[in-house]
C-alpha cells in the first residue's frame, strides 16, 4: 500500500495518491492531472476511483479531466448533485482498491455534501482519514460557503459540523492519521497548523474544535469568531466543479506570444487586463503602465481570485521567460481560463521597443524614521488579525482583500506609505492604485518584518 500527499503551496492544498495491488485512488486532484497519471503509469497501475470530499470553492478540481483520460469513476458524498456522471456514495459505502478499502463517511457542515474517506489496510485496520475541509489541523472548515443556496444559516451549518465531528470523526482510533485538504494559508479556514498530517490523538489535544468539553453553542461561537468574508471567486469555482470546464491543455494551447505592438493594440481596444507575475523587485523597477502585479512566487492564485474576481476577465500576462505555461496553469487552477497570451520576451522586449514604462517608488525600512506621520499616511494592507498583533504608529489598516472598495480613501493629496508583512502584498496594492491613476504612494520594502527594527514607529 502506498499513500502519497501531493501538496501545492500556492493553494495550501493537499491531493492524495493511494495505490494498492496496481489499483489507484486519487482524492481531491488539482486541475492539471498528468502528475497523477504519470505516477500510475510508472507502477503499471490503473486509476480506479477519483474521490471528491466536496465541491471545492477555492480551486477547480481535476476530476473531470482525470476521469476522461483514465476511466476512473468520480465519487462524491450522498447529497452531491452533478451535471456529469458520478457515483453518489452512501454514508458508510465501501470501495475496494486492490486489497485495501476506502469508506465514505458523510460529514455535513462545511458543505452539505462534505464527505470524509476512511482508509483500511489489507487487515481491515483503520489507517488514515482524508477529511477534506471538514477537519483541518488546528481548525475546521468554514461553514459559511454554502448556506446562501440552501436557505441555511452559517450557525445551522456550524451545528451540523459539530455533530459530524462528534459522531463520525472523534470516535475513530486515536492513532489514525488525519490528512486534510488544506493547510496554513488557505482561505477555507482561519488558523491552520503548518504541518500537513497528524494523528487524531494529537489533534484532540491541539485543535479547539475537538475539545470534548466544548458545547455545541460554544463550538458554533468559536468557529464563527473572526471569520472574514470568503473570497469573491469561491462561488464561481463551485459552479465549475459542479457543471464542468474546459481541458487545461486546451487553455494552454490557445494562448499565444504577443509582440509589444499586439499587446498595446489589444489593451487599447478591449477591456483586457495586463497581469505582471514577476517578483516585487522586478515589477518595482520597470513595468507596463497600468498593469497589475500579483507575483507567481507568493500566494498567487488566491490573490488573483480575490482581487480580479471575474473569471471571464481577459488577461495578457508578463512573466519571466520560461514560466509561461506555469502561469497559465496556475491561473486555470482557480478558473481564470480567458488568458489571451503573454508578452513575447518579457519586460525586456517592451523596454527595447521604446514604449512607455512605469515604476514603483519604494524606500528601505531604515528610511521609515523620516516619515512625517503628521503630514503623511501609513497604510497597512495586512489582515486585521496581523494588524492587531503589532503595528506601525498611526498606521491605517486597509486589508488588501478590501482595497477595491476603498478607492476614495486614496484620492487625497496626502502621501501614502504602504506596507504589508514582507513586501508582496504591498506591491500588489501599489500596482492596483497606480493602475487607477493614484501615484502619490511609496512602497516600504521588506514590510513590517523589517520596520519592526525601527522601535520609534512600532506600537
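Can you quote the Å³ per residue value for the convex hull of the Cα atoms in segment 2-236, rounded to an integer? Walk me through the numbers on the way to the answer.
On the way: hull volume 26.3 nm³, N = 235.
In segment 2-236, the Cα convex hull volume per residue is 112 Å³.
By definition, a body whose alpha carbon gyration tensor gives a ≥ b ≥ c is oblate when a/c is 1.5 or more and a/b is not larger than b/c, and segment 77-141 fits this oblate description. Counted over segment 2-236, the DSSP beta bridges are approximately 70% antiparallel. Computed over segment 362-451, the convex hull of the alpha-carbon atoms projects to a mean area of 5.1 nm².
Taking R0 as 60 Å, what FRET efficiency do you get between residue 270 and residue 212 from their Cβ-Cβ distance, rounded to the nearest 0.05?
Plugging the Cβ-Cβ distance into 1/(1 + (r/R0)^6) gives 0.55.
If the viscosity is 1.002 mPa s and the temperature 20 °C, what translational diffusion coefficient in µm²/s does Stokes-Einstein give for segment 246-352 when Rh comes from Kirkwood over Cα pairs? Each step should come with its number before you reach the end.
Details: Rh = 13.7 Å.
It diffuses with D of about 157 µm²/s by this estimate.
Out of all DSSP beta bridges in the chain, what portion is antiparallel? Express it as a percent rounded to 5. If we restrict to bridges inside the chain, about 45 percent are antiparallel. Helix-only arithmetic for the chain: the sum of -39500 (n - 2.57) across DSSP H runs with n ≥ 4, divided by the residue total, places the mean residue ellipticity at 222 nm at -7500 deg cm²/dmol. With the simple spin-label model, which puts each label point 7 Å out from Cα in the Cβ direction, the residue 84 to residue 256 separation comes to 2.8 nm. Rounded to the nearest 0.05, the FRET efficiency derived from the C-beta distance between residue 247 and residue 7 at R0 = 35 Å is 0.90. Per-residue packing, averaged as other Cβ atoms within 10 Å, sorts the ranges 444-454, 218-228 into the order 444-454, 218-228, beginning with the highest. Compared with the alpha-carbon gap, the fully stretched path from residue 170 to residue 348 is longer by 58.4 nm at 0.36 nm per residue.
Taking label points 7 Å from Cα along the Cα-to-Cβ direction, residue 46 and residue 201 give a separation of 3.9 nm. Bridges between two residues of segment 5-89, per DSSP, are antiparallel at a rate of about 50%.
We did not get these values from a lab; they are worked out from the coordinates using the rules stated. These numbers were taken from a predicted model, which means no experiment stands behind them. A quick note on method: Cβ atoms are made from the backbone with ideal geometry, for glycine too, and the neighbour counts reach across all protein chains shown.
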